[in-house]
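Report on one structure; see the data block that follows.
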Amino acid sequence: MSIALRWILASLIFALLILLVEHYYGWAGILAQWSVVDLSDLLLLTLLTLLSYVLRAERVYRYFGQRMQHPRRAYLKISFLHNALNNFLPMRLGEAAFPLLMKRQFKQSMLSSTAGLVWIRLMDLHVLLLLAAIALGALLPTIGYLALAALIIGPVVIGLFRRRLLALLPERLQVKLTELEHLLPHSRGLIVATYLQTLIIWIVKLVALTLVLKAFLSIDFISAWVAVTTADLSGVLPIHGIAGSGTYEAAMLAALIPLGFGVEAALSAAINLHIYLLGVSALSVPLALLIPTQRQTS
């Protein structure tokens, strides 16, 4: 799909969401819910969400920059900008910013930056699914715990039988993957450390978002956790509107409606949570620009 077509689809989805919400519910009524949110609680949850962004920057620094003795603050700036672009641009276009920022700041190879980012994103996906399965197990034990078992056993099986699984692929693809093998993490210790960091990042972020959702909707913590996790998983979909609009709200509705919540209450809570998330992302941009950095020249 071309970039132009992605932008057209994303703009259409965004405009459709704006119009449908105004027609059926009215934006004034949805946004009025912010008046009952305690300002001090909102400030604390914003700081908690920003902490998850700082932890993301630390993860990227330890993965890419620690061995090279790069300045830590440069990764804070890169991570903040990358995260904001990822949240605002449609169809995962923001991901392309990371290798570009790494090349600009550190002369890092686009291929190695992209490979590292793919590896980190796979960890993000696995941890998010893992945390969703744990929470789902409290509501639907059979489905939740089966999913949890599959998520734990799957990577182990792939790791143990990686060579045999690779042999099942077409020969040309095998050769290509072998050529790219040097782009994998350089040690098992780095894999374990990155995964543990990813787990902490998502726990911090999901706790913050779950508590924000509870401010807009009368819901227990576990159900809110499942809804927030499902909404975040919508980011892996190939099509969504500008700033994730449409699919974020739809994913949260898909979790909340089966739990017995009305469409109007669930939609207004989902929209306000999404606004909060975008607001914190926007706040991280000026914070990133205030961080002094010096480009590596060699």
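Worth a mention:
- Between Leu31 and Ile191, the simple label model (points 7 Å from Cα in the Cβ direction) yields a spacing of 4.9 nm.
- Value of relative contact order over the range 142-298, rounded to a whole percent, pairs C-alpha under 8 Å and six or more apart: 14
- In nm, spacing of pseudo-spin labels at Leu122 and Leu199 (7 Å Cα→C-beta vector): 1.9
- The chain, dipole about Cα centre (Lys/Arg Cβ +1, Asp/Glu Cβ -1), debye to the nearest 20: 1500
- Under DSSP loop assignment and at most 13 Cβ neighbours within 10 Å, longest trypsin sites (Lys or Arg not before Pro)-free interval of the chain: 108-294
- Of the accessible area of the chain, computed with a 1.4 Å probe over protein heavy atoms only, carbon and sulfur atoms account for 71 percent.
- Expressed as a fraction of 2.2 N^0.38 Å, the value expected for a compact globular protein of N residues, the C-alpha radius of gyration of the range 20-132 is 1.35.
- Computed with a 1.4 Å probe over protein heavy atoms only, the accessible surface of the range 167-298 comes to 48 Å² per residue.
- Ranking Ile239, Val118, Asn83 by Cα position along the charge dipole of the chain, where only Lys, Arg, Asp and Glu carry charges on their C-beta atoms, puts Val118 farthest toward the positive end.
- Entry note, the chain: the mean residue ellipticity at 222 nm calculated from DSSP H runs of n ≥ 4, each adding -39500 (n - 2.57), is -24500 deg cm²/dmol after division by the residues and rounding to the nearest 500.
- Using a probe of 1.4 Å, the accessible surface attributed to Leu5 totals some 80 Å² when neighbouring protein chains are kept in position.
- The range 139-298 shape via C-alpha gyration tensor axes, a/c threshold 1.5: oblate
- Contact order, relative form, for the chain: 31 percent (alpha carbon pairs under 8 Å, 6 or more residues apart, mean separation divided by residue count).
- Overall shape: oblate for the range 3-75, with the ratio a/c of the largest to smallest alpha carbon gyration tensor axis at 1.5 or above and b/c at least equal to a/b.
- The slack in the chain from Leu16 to Leu290, taken as 0.36 nm per residue of separation less the alpha-carbon distance, amounts to 95.0 nm.
The values are calculated or read from the model by the stated rules, or taken from the named source; none is laboratory data. Keep in mind that what you see is a predicted model, and the values were worked out from it rather than measured. All Cβ positions, glycine included, derive from the backbone under ideal geometry; neighbour counts span all protein chains shown. Each accessible area value is taken on the protein alone, full model and side chains, heavy atoms only, with ligands, DNA and RNA left out. Shrake-Rupley method; radii C 1.70, N 1.55, O 1.52, S 1.80 Å.
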